[in-house]
1. Say we join alpha carbon atoms closer than 10 Å with springs in a Gaussian network model of the chain; which of Ile188, Ile335, Ile145 then has the biggest fluctuation?
2. Give the dimensionless ratio obtained when the Cα radius of gyration of region 59-188 is divided by 2.2 N^0.38 Å.
3. If you take the Cα Rg of the chain and divide it by 2.2 N^0.38 Å, with N the number of residues, what do you get?
4. Using the scaling law 2.2 N^0.38 Å as the reference, what is the normalised Cα Rg of region 19-90?
5. Give me the extension gain from Thr56 to Ser119: residue separation times 0.36 nm, minus the current Cα-Cα distance, reported in nm with one decimal.
6. Using the heavy atoms of the protein chains and a 1.4 angstrom probe, tell me the accessible area per residue for the chain in square angstrom.
7. If Rh is defined by the Kirkwood formula over all Cα pairs and Rg also comes from Cα, what ratio Rg/Rh do you get for region 115-248?
8. What do you get for trypsin sites (Lys or Arg not before Pro) in region 148-244 restricted to DSSP loop and a cutoff of at most 11 other Cβ within 10 Å of the site's Cβ?
Amino acid sequence: MPGTTIVEPLDLVGLQIPYHFRCPISLELMRDPVTVCTGQTYDRSSIESWVATGNTTCPVTRAPLSDFTFIPNHTLRRLIQDWCVANQAFGIQRIPTPKQPADPVMVRALLTQASAVSSPFQPRLSALRRLKGLARDSDKNRSVISSHDAREVLIDIVFSDTGSSELSVEALAVLVMFQLNESECESIGSDPNRVVYLSRMLFHSSIEVRINSASLIENVLSGTRSPDLRAQICNADEIFEGVVDILRNLNSYPRALRIGVRALFALCLVKQTRHKAVQAGAPAMLIDRLADLDKCEAERALATIELLCRIPSGCLAFAAHALTVPLLVKTILKISDRATEYAAGALMALCSESEGSQREAVSAGVLTQLLLLVQSDCTERAKRKAQMLLKLLRDSWPEDSIGNSDDFACREIVPF
């Protein structure tokens, strides 16, 4: 339970947190007390933030910190845990025992063992699994691992040990927890064999491997500046089919949906290969999965829909899906300003190409939505798209809607 949510209820019921259980920096109940070289004890997250902002003195004593090693205060932590248990009747939850940060020496040894080609298979696999566990534990651990050139080591294992599938997929699972730099992305994207390997892994029997492959593809595309190189990646055989298949068959896995949408969006940013997304069935999958996505991924999905609506085959595919237009109309002003902008852009593209889509949009109530949109605090781009769509749909408006348009100050907003 975060400190703020603990302190306020305690004050309400008259239960005081013992002074020495509070962090001198945050004044909240300590969850992971550590002692610095001056003998003072702080919550680990608080003192790490203090040092990370450039402070080199002890917050309490103002004495210089000659050593930035933080020693866990196990005795104090146990006392805090006992106090939490003793006060459970007041709604206090016992703080969990924190996992200790990764030891840099141990991380270096694990990376050395994992990359030792001459070593037996099992010790290498065990080293990778330990690294995966450490990386999953905390951002701090990932930072420690990354500082030892782990990404370069892991990339080499992923693509050099493809003959030993278990080593490769284990290294892949660790690698996707890190953000690659541009040169690392190019080292993968510029090698056709590596791209083909990732594309092939999108159809692996393991769900996790498929998701991790899509994640690395998205990471590489996002970190590659060269348009030609991005186009080369997107031209890999069955890369679109593999990503769309994740959305089609793994929709019950939240991470699969999230990664699948991100990877598809990254692929569709390349204009030359968008037709491949349509051929792979992306339009139907995006419409079918839109309601299952959270805000950020729904925005990406809608952005992808708008991108695909910019090509004729994409427009045809979306127009053929019975739910496309009603869902886009419903999305306006519902999720976020960005989502509204993308939905309006997609509707504009669809209605420009098809009178049938115009009639569907009007039937779904787009007139009211657009009039509300142009009077809202939404982005100027969204408002411009709404005004253009209102003009386009002018001849499709029912007579009673046109007659009542003064209720929305329509004549002031969209001059005809």
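The values are calculated or read from the model by the stated rules, or taken from the named source; none is laboratory data. What you see is a predicted model; the values in this text were computed from it and never measured. All Cβ positions, glycine included, derive from the backbone under ideal geometry; neighbour counts span all protein chains shown. Accessible surface areas use protein heavy atoms only, side chains included; no ligands, DNA or RNA. Shrake-Rupley method; radii C 1.70, N 1.55, O 1.52, S 1.80 Å.
1. Fluctuation is largest for Ile335.
2. Dividing the Cα Rg of region 59-188 by 2.2 N^0.38 Å gives 1.40.
3. Taking N as the residue count of the chain, the ratio is 1.26.
4. On the way: Rg = 12.8 Å, N = 72, 2.2 N^0.38 = 11.2 Å.
Output field value: 1.15.
5. This chain segment gains 18.4 nm when fully extended.
6. So the chain comes to 48 Å² accessible per residue, rounded to a whole number.
7. We get a ratio of 0.95 for region 115-248.
8. Working: sites: Arg151, Arg194, Arg200, Arg210, Arg225, Arg230; in loops: Arg225.
Loop-located and lightly packed - Arg225.
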